[in-house]
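The values are calculated or read from the model by the stated rules, or taken from the named source; none is laboratory data. Keep in mind it's a predicted model, so treat the numbers as computed, not measured. Glycine also receives a Cβ, built like all others from the backbone with ideal geometry; neighbour counts cover every protein chain displayed. These area figures cover heavy atoms from the full protein model, side chains too; ligands, DNA and RNA do not enter into them. Shrake-Rupley method; radii C 1.70, N 1.55, O 1.52, S 1.80 Å.
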Amino acid sequence: MDLLCAKPADPTLTASGPVVRTAYSGLQDPSAAATELGISLKHAELGFVLFFCSAEYPLERLGQAMTEVFGDVAVVGCTTAGEITPKGYCRGCIVAIGFDRRYFSVAHALIDDLAGFDLIQAQRLTGKLLEDCRREAPGWDGRHFVMTLLDGLSSCEEQVLATLDTALGSIPSFGGSAGDDNHLAHTHVFSSGGFHNESAVIVMFQTCLPFEVFTTHHLQPREHKLVVTHADHERRRVMELNAVPAAEEYARLVGMPLADLTSEVFARYPLAVRIGEQHYVRSIQGANSDGSLSFYCAVENGIVLTAMEASPLLEQLGDVLAGLRQRQGEPALILGCDCFLRRLELESLNQVESASCLLGRAGVIGFNTYGEQYHGMHLNQTFTGVAIGSRPSL
């Protein structure tokens, strides 16, 4: 695990500009795109850069360009299934956030052995991140939150997140799984000057600004229940639901022929596991020739899944963004991890432009994910993130 820290200055100073700066580039040449980001983000108090990029870029060249442009400033990022820019949804571009070191102390770690990540490592990592944040921000009375970026095709999210959450204790965490423009072939995280697969980046923020870590979805439970009677946990595949071939039982549930089961159908009618009063979505990736269903999250034998259906996404998203603004005041930033299945739904309903207007007006920057992370849980079909206020806490 490699640990690095972005160094802050005195947080009592008055910034010459916003506490965070955002920029994006649609230029396809890596050097030109990185240079365009640098023009907007670089200033004397820049302490940390977070970016999200299309997997269509030549990643090695892009990594070199980002390192050259930002020099000694720490840079972390990942590939996406779509980007959320200051103007809303985008594809094939790169979007970035620059954090002012007078308001944020940031430390990050690269985990390059996800399968071997255990509690002892998680405790050591958490302690080192806390130590680095506090050392670089002496005298701050700030709070911490953590963002996790994971290889979206590693199938290790559940184990890594649960282990890390135990070590973090009361520190809130959220994050997203890297994408690759819906190809489901190769996803990457960026740290230490290069892109990595089968890896994760853990980013700890300490800030004097108010913030709220949140997760939400627009899906409502139906009365139908399905019991997982045969599953392959390691491959995230369910062979039987209610002792019937899984794809057949799901098709019966949604009232469609097997041949008509598409990604749009799976997005509109996912399944969920209920924990307490909350439903946590377990989205379906696809139907297989042997009658099984592949999921984006791990599914265990014996669990009961609830059938879900979508309520109006735009209306629910608008309410959530309005609520965050009411509680946090004028936001400096809403950093969002938005499931790519939500975007597929918006595309099928011709509502991408309307959603982009909502996101842009609210100040959301982020990316479309292959899964979201919230307090140690791996989720699907959510909008998850952190809302950061623009005025320091008293």
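The alpha carbon convex hull volume per residue for the range 341-394 rounds to 89 Å³.
Applying 1/(1 + (r/R0)^6) with r as the Cβ-Cβ distance of ASP290 and ARG143 and R0 = 41 angstrom yields a FRET efficiency of 0.25. Note that the range 105-114 has calculated 3J(HN,Hα) couplings of 9, 10, 10, 9, 9, 9, 9, 10, 9, 5 Hz, one per residue in order, obtained from phi through the Karplus relation 6.51 cos²θ - 1.76 cosθ + 1.60 (θ = phi - 60°); glycine and proline are x. For the options ILE202, ILE365, ILE171, a Gaussian network treatment of the chain with springs between C-alpha atoms closer than 10 Å singles out ILE171 as fluctuating the most.
Is the shape of the range 193-238 rounded, prolate or oblate, going by the alpha carbon gyration tensor and its root eigenvalues a ≥ b ≥ c, with a/c under 1.5 for rounded and a/b larger than b/c for prolate? It comes out oblate by the Cα gyration axes. Return the whole-Å distance between the Cα centroid of the range 195-273 and the Cα centroid of the range 46-81. So the two Cα centres are separated by 30 Å. Applying the Karplus relation 6.51 cos²θ - 1.76 cosθ + 1.60 with θ = phi - 60° to the range 250-261 yields 3J(HN,Hα) values of 5, 4, 4, 4, 8, x, 9, x, 3, 5, 9, 6 Hz, where x marks Gly and Pro. In degrees from 0 to 90, rounded to the nearest 10, what is the angle of the helix 119-135 Cα long axis to the longest principal axis of the chain? Around 30 degrees separate the two axes. Ordering MET377, ILE388, VAL364 by the projection of their Cα atoms onto the charge dipole of the range 335-394, which places +1 on the Cβ of Lys and Arg and -1 on the Cβ of Asp and Glu, puts ILE388 at the extreme positive end.
Summarising the label geometry, the points placed 7 Å from Cα in the beta-carbon direction at GLN351 and ARG222 lie 1.8 nm from one another. Considering only the Cα atoms of the chain, their convex hull presents on average a projected area of 18.1 nm².
Think of a 1.4 Å ball rolled over the protein heavy atoms: the chain then has 39 Å² of accessible area per residue. Overall shape: oblate for the range 97-136, with the ratio a/c of the largest to smallest alpha carbon gyration tensor axis at 1.5 or above and b/c at least equal to a/b.
Each Lys and Arg adds +1 at its Cβ and each Asp and Glu adds -1 at its Cβ; summed about the Cα centre, the range 240-356 shows a dipole of about 280 debye. Within the shell defined by Cβ-Cβ distances under 11 Å, the residues around ASN242 carry a net charge of -1, with Lys and Arg each +1 and Asp and Glu each -1. Helical runs assigned H by DSSP (4 residues or longer) give the chain a calculated mean residue ellipticity at 222 nm of -8000 deg cm²/dmol, each run adding -39500 (n - 2.57) before division by the residue total. Judged by the gyration tensor of its Cα atoms, with axes a ≥ b ≥ c, the range 36-191 is oblate; a/c meets the 1.5 cut and b/c is at least as large as a/b. Each Lys or Arg adds one and each Asp or Glu subtracts one; over the other residues with Cβ under 12 Å from the Cβ of LEU379, this totals -2. Rounding to the nearest 10 and keeping the result within 0 to 90°, find how far the Cα-based axis of helix 59-70 lies from the longest principal axis of the chain. It is inclined by approximately 30 degrees. Here the range 145-179 and the range 330-350 have alpha carbon centers that stand 20 Å from each other. Computed FRET efficiency, Cβ-Cβ of HIS230 and GLN278, R0 45 Å: what is it to the nearest 0.05? Using R0 = 45 Å, I get an efficiency of 0.95. Within a straight-line Cα-Cα reach of under 12 Å, LYS87 can be paired with the following aspartates and glutamates, leaving aside sequence neighbours fewer than 8 residues apart in one chain: GLU353. For the chain, with all protein chains in place and a probe radius of 1.4 Å, 49% of the accessible heavy-atom surface sits on carbon or sulfur. Across the range 151-160, coupling constants 3J(HN,Hα) worked out from phi with the 6.51/-1.76/1.60 Karplus curve, θ = phi - 60°, read 4, x, 10, 7, 6, 10, 4, 4, 5, 5 Hz, and Gly and Pro carry x. Put simply, the amide H of CYS297, placed in the peptide plane, has neighbours under 5 Å in SER283, leaving out anything fewer than 5 places away on its chain.
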